[in-house]
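Report on the structure given below.
The values are calculated or read from the model by the stated rules, or taken from the named source; none is laboratory data. Everything numeric here is computed off the predicted structure, so don't read it as measured data. Please note: Cβ atoms are built from the backbone with ideal geometry, for glycine as well, and neighbour counts cover all protein chains shown.
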């Protein structure tokens, strides 16, 4: 039910199993009479409550995302669909951040996330963008991530103006989220330009569940030999959540028709999900590219990078000497 975050949810639920008991202990007179013991119980209670609240927030976000996906199946208006996609993208960012923090809190395995990333650069910011991508790539690979589908494009065979890639690994999306936006780059001539970076979570591949299928049998109306109009060999398979259905009556065997119908239905559903996910991704990328006034700036003249969120990275030499510490610092904000 909770997708890639299922193991984290299970770990937190085990960790907070004693929450109610701890809460009750605080009310016992004998506990309150022993100040040192009371403070230790209170400390445990506060820790468990923080975990419980974050877990509730994660579950709420995951449930809300599931409800939004259900709404998409019934939504026909383009404007409404875009609004729903925007909400789903925002929820994915919330989920990733909460899951990473919860995994850190109890020391359990972090989730293996998948993300699609893209740089957009102009002539004056291309060199900075390429260097930043090199640092991100080195960092991800050093942390066991897998990078696929790398595409590097040039403007009229000149400077690099776009780099895109897919990444899969532990906290892959959470690690990249703080770097997104349209960042200001101060040019050597005194002007400024933009370097854009976006990262968006990739949805898990959904499996077609037997409980979501409705199977109808009827007499075949086509060629098929002696079984035609005698046995119910034709099959209609309907995917209940979406209403999508497929009929197969080409085979003499009911089993073969059923198998082919389900396979065809699964392919159509996969194609539909792929198109919907592609639309959501492009919308999310576009929105991140439009995010101005980010806390990250670059200065070509001084070869420095500044992130106002971290005191240790104000006018730091760029490329950064310790990129891992930088990302770790951003993830704890």
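Answer yes or no as to whether residue 49 is closer than 30 Å to residue 277 by Cβ and touching a helix residue (DSSP H, G or I) at 6+ places or on another chain (Cβ under 8 Å).
Considered against the rule, which asks whether it is closer than 30 Å to residue 277 by Cβ and touching a helix residue (DSSP H, G or I) at 6+ places or on another chain (Cβ under 8 Å), residue 49 comes out as no.
Looking at the range 289-304, can you tell me whether even one residue there is more than 15 Å from residue 213 (Cβ to Cβ), within 21 Å of the chain's Cα centre (by Cα) and in a helix (DSSP H, G or I)?
Within the range 289-304 (the criterion being more than 15 Å from residue 213 (Cβ to Cβ), within 21 Å of the chain's Cα centre (by Cα) and in a helix (DSSP H, G or I)), the answer is yes, since at least one residue qualifies.
Since residue 67 meets every condition but one in (1) within 25 Å of residue 1 (Cα to Cα); (2) buried (at least 17 other Cβ atoms within 10 Å of the Cβ), which condition does it not meet?
Failed condition: (2).
Which members of the range 46-67 meet the condition of being within 15 Å of the chain's Cα centre (by Cα) and in contact (Cβ under 8 Å) with a residue 12 or more places away in the chain?
If the condition is that a residue be within 15 Å of the chain's Cα centre (by Cα) and in contact (Cβ under 8 Å) with a residue 12 or more places away in the chain, then 58, 59, 61, 62, 64, 65 are the ones that fit.
Right, residue 262: part of a helix (DSSP H, G or I), outside the structural domain of residue 185 (by TED's automatic domain parsing) and farther than 28 Å from residue 87 by Cα or not?
yes
Quick one: how many residues across the range 287-311 are over 22 Å from residue 331 (Cβ atoms) and in contact (Cβ under 8 Å) with a residue 60 or more places away in the chain?
Here the count works out to 6.
If only one of 168, 150, 194, 205 is in contact with a strand residue (DSSP E or B) (Cβ under 7 Å, 6 or more places away or on another chain) and under 30 Å from residue 263 (Cβ atoms), which one is it?
168
Among the numbered criteria (1) closer than 20 Å to residue 95 by Cα; (2) at pLDDT below 95; (3) assigned to a helix (DSSP H, G or I), which one does residue 1 miss?
It fails just one condition, (3).
So that you can scan it fast, the table gives a plain yes or no per residue for (1) surrounded by 15 or more Cβ atoms within 10 Å (Cβ to Cβ); (2) at pLDDT 90 or above:
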| residue | (1), (2) |
| --- | --- |
| 176 | yes, yes |
| 188 | no, yes |
| 193 | yes, yes |
| 206 | no, no |
| 212 | no, no |
| 255 | no, no |
| 262 | yes, no |
| 267 | no, no |
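How many of the residues making up the range 2-43 are within 19 Å of residue 108 (Cβ to Cβ) and free of Cβ contacts under 8 Å to residues at least 24 places away in the same chain?
4
I'd like the full set of residues that are farther than 20 Å from residue 284 by Cβ and touching a strand residue (DSSP E or B) at 6+ places or on another chain (Cβ under 9 Å), limited to the range 116-131.
Across the range 116-131, the qualifying residues are 122, 123, 124, 125, 126, 127, 128, 130.
Just one of 199, 174 is closer than 19 Å to residue 99 by Cβ, in contact (Cβ under 8 Å) with a residue 60 or more places away in the chain, assigned to a strand (DSSP E or B) and within 16 Å of the chain's Cα centre (by Cα); which is it?
So the residue among 199, 174 that is closer than 19 Å to residue 99 by Cβ, in contact (Cβ under 8 Å) with a residue 60 or more places away in the chain, assigned to a strand (DSSP E or B) and within 16 Å of the chain's Cα centre (by Cα) is 199.
Every residue in the range 288-300 that is surrounded by fewer than 17 Cβ atoms within 10 Å (Cβ to Cβ) and modelled with pLDDT of 95 or more, please.
Across the range 288-300, the qualifying residue is only 295.
Conditions (1) loosely packed, with under 12 Cβ neighbours inside 10 Å; (2) in the same structural domain as residue 96 (by TED's automatic domain parsing); (3) over 22 Å from residue 95 (Cβ atoms); (4) at pLDDT 95 or above, marked per residue:
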position: 17; (1), (2), (3), (4): yes, yes, yes, no
position: 23; (1), (2), (3), (4): no, yes, yes, no
position: 29; (1), (2), (3), (4): yes, yes, yes, no
position: 34; (1), (2), (3), (4): no, yes, yes, no
position: 37; (1), (2), (3), (4): no, yes, yes, no
position: 57; (1), (2), (3), (4): no, yes, no, yes
position: 60; (1), (2), (3), (4): no, yes, no, yes
